[in-house]
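Written out below as structure tokens is the structure these notes cover.
The values are calculated or read from the model by the stated rules, or taken from the named source; none is laboratory data. On a predicted model such as this, the values are computed, not experimentally measured, just so you know. Don't worry about glycine lacking a Cβ; one is built from the backbone with ideal geometry, like all the others, and counts go over all protein chains shown. To get the accessible areas, we keep the full protein, side chains included, count just its heavy atoms, and leave off ligands, DNA and RNA. Shrake-Rupley method; radii C 1.70, N 1.55, O 1.52, S 1.80 Å.
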Amino acid sequence: MAGDKQIRVMIVDDHKVVRSGLSAFLMAYDDLMLVAEADSGEKALALCQESSPDVVLMDLVMPKMNGAEATEALLQKCPSLKVIALTSFKEKDLVESVLKAGAIGYLLKDVDAEELAEAIRQAYDGKPTLAPEAAQILIQASRQPYKPGIDLTDREKEVLQLLVEGLTNPEIAKKLFVSKSTVKFHVSSILNKLHVSSRTEAVAKALKENLLS
């Protein structure tokens, strides 16, 4: 148990309003102390050794380095860290990727303050905490035979269709009225779900297996 020790927390989120809200939340608990904030995975890596956090609250969908990549890199650099994924998303690939990267917890951003505080304490003690939605996803995944592409979301199918049509990321972003970083996230998710390593392979698989029909 943490006992009388203050648990040192780092927040990693690319939205300033989220970081501000979490910072205010931490101030309400005597045993929790904010030691660093980062607006990207790269900045978190730069801060982890000098700020020596015990627990990291990690956003998952960020430009450049996503939360799973940042988690894996952080744990390589600062192996004693405990990472809790704190996100608005509950897609199967996100849950699996960040837990595979080494996160000890997965919570949604609508979690209440007491639950989040307790999850931080549990993480510090090496105990995992999963949002019910995340736990359910893992249970379902363990029961169902996996067929690549079966879990593509409607938006991912839209993006895949545009990849098949030969559009670039900037062109897809313009057509779907979303940011380029959002398109990059969707493309990365598509590659993971189809078990391929390139856009060309994704297009070939989509055509071969009629994934868009």
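The long axis of helix 67-77 is offset from the longest Cα principal axis of the chain by roughly 50 degrees.
First select every other residue whose beta carbon is under 11 angstrom from the beta carbon of Lys92; then total the charges, Lys and Arg +1, Asp and Glu -1. Spelling it out: positives minus negatives among the neighbours equals -3. Going by alpha carbons, how many degrees (0 to 90, nearest 10) lie between the helix axis of 154-164 and the longest principal axis of the chain? Tilt relative to the chain: about 50 degrees. Take 37-48, 70-81 and order them by the average number of nearby Cβ atoms within 10 Å per residue, most first; the result is 37-48, 70-81.
Beyond 27 Å in Cα-Cα separation lie the following of the pairs Lys100/Lys184; Lys5/Lys92; Lys64/Lys157: Lys5/Lys92. For the range 94-213, the Cα-based Rg and Dmax, in that order, read 17.4, 50 Å. Expressed as a whole percent, the accessible surface of the chain that belongs to carbon and sulfur atoms is 53, based on a 1.4 Å probe. In this Cβ point-charge picture (+1 for Lys and Arg, -1 for Asp and Glu), the range 1-146 has a dipole of about 340 debye about its Cα centre.
One quarter of the convex hull surface built on the alpha carbon atoms of the range 63-109 amounts to 3.2 nm², the projected area averaged over directions. About its Cα centre, the dipole of the range 37-103 is roughly 140 debye, where the only charges are +1 on Lys and Arg Cβ and -1 on Asp and Glu Cβ. Quick one: angle between helix 113-124 and the longest Cα principal axis of the chain, in degrees between 0 and 90, rounded to 10, please. That helix lies at roughly 80 degrees to the long axis. Other residues whose C-beta falls under 13 angstrom from the C-beta of Val187 contribute a net charge of +1, scoring Lys and Arg +1 and Asp and Glu -1. If you take all C-alpha pairs in the range 1-65, what percent of them are over 19 Å apart? In whole percent, the long-distance tail amounts to 30.
Could you please report the charge total around Leu34, scoring K, R as +1 and D, E as -1 over all other residues with beta-carbon less than 12 angstrom from its beta-carbon? List each step's numbers first, then the result.
Numbers: positive: Arg8, Arg19; negative: Glu37, Asp54.
Residues near Leu34 contribute 0 overall.
Listed by chain and number, the aspartates and glutamates whose alpha-carbon sits under 12 Å from that of Lys43, ignoring those within fewer than 8 places in the same chain, are Asp13, Asp14.
Considering the values [x] -0.24, -1.25; [y] -0.31, -1.23; [z] -0.27, -1.41, which represents log10 I(q)/I(0) by the Debye sum over Cα atoms at q = 0.08, 0.18 Å⁻¹ as calculated for the structure under consideration? It is the value labelled [y].
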